[in-house]
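Presented below is the structure to which this report refers.
The values are calculated or read from the model by the stated rules, or taken from the named source; none is laboratory data. Everything quoted here is computed from the prediction, not taken from an experiment. Cβ sites come from the backbone with ideal geometry, for glycine too, and all protein chains shown count toward neighbours.
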Amino acid sequence: MKGEIFYATAEEEECMGSARYSGLKDKCEFPANMQIGAFLVPMGVYKNIPAVQRSWKNNPNIEPGIFNAVIFAPLNRAEFEPDVIFVVCNANQGWKYFMQMHTIPVHRDWVLIQAQYAVQWLQFHI
């Protein structure tokens, strides 16, 4: 990433999680072990499948088929109005961001959901 501007189509996206959450692919297209998160247990990301399911319970994702590609860009360099803003941060930064959401003018409801999820996910995994 490192400040680059780039895009991904469904065919180019190699991360199944990213393809699912961005709506580029329907989760039904993935193998069963990907749909339930079983592949994350041997990798050490989660202790067991129920832990994966609890973590994924409230994960929002964009409905598949709406977009053909996703563009990634730093907000200060984007030459377009973003539909969704993903925030990469630690739990403390996420909480501060969440508390300041009223200052973000674009699609605040979706950004708010992402910020809430980021804080919950980071707290669960730290």
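Taking the conditions exactly as written (at pLDDT below 75, within 16 Å of the chain's Cα centre (by Cα) and closer than 26 Å to residue 16 by Cα), does residue 111 satisfy them or not?
It is true that residue 111 is at pLDDT below 75, within 16 Å of the chain's Cα centre (by Cα) and closer than 26 Å to residue 16 by Cα.
State which residue is farthest from residue 86 (Cα to Cα) when the search covers only segment 19-56 and only residues that are touching a residue at least 12 places away in the same chain (Cβ under 8 Å) and of a type in the set (Gly, Ala, Ser).
That would be 38.
Counting only residues that are surrounded by 11 or more Cβ atoms within 10 Å (Cβ to Cβ) and more than 24 Å from residue 10 (Cα to Cα), how many does segment 27-47 have?
Residues meeting the conditions: 3.
Checking residue 82 against (1) within 22 Å of residue 13 (Cβ to Cβ); (2) part of a loop (DSSP other than H, G, I, E, B); (3) in contact (Cβ under 8 Å) with a residue 60 or more places away in the chain; (4) not hydrophobic (A, V, I, L, M, F, W, C), which single condition isn't satisfied?
The number of the failed condition is (3).
Just name the residue that is surrounded by the fewest Cβ atoms within 10 Å (Cβ to Cβ) out of those in segment 85-103 that are assigned to a loop (DSSP other than H, G, I, E, B) and within 15 Å of the chain's Cα centre (by Cα).
Only one residue tops the list, namely 88.
Looking at this structure, is residue 20 among the basic types (Lys, Arg) and crowded, with 17+ Cβ neighbours inside 10 Å?
Against the criterion (among the basic types (Lys, Arg) and crowded, with 17+ Cβ neighbours inside 10 Å), residue 20 qualifies.
Can you give me the number of residues within segment 1-18 that are under 15 Å from residue 56 (Cα atoms) and of a type in the set (Gly, Ala, Ser)?
2
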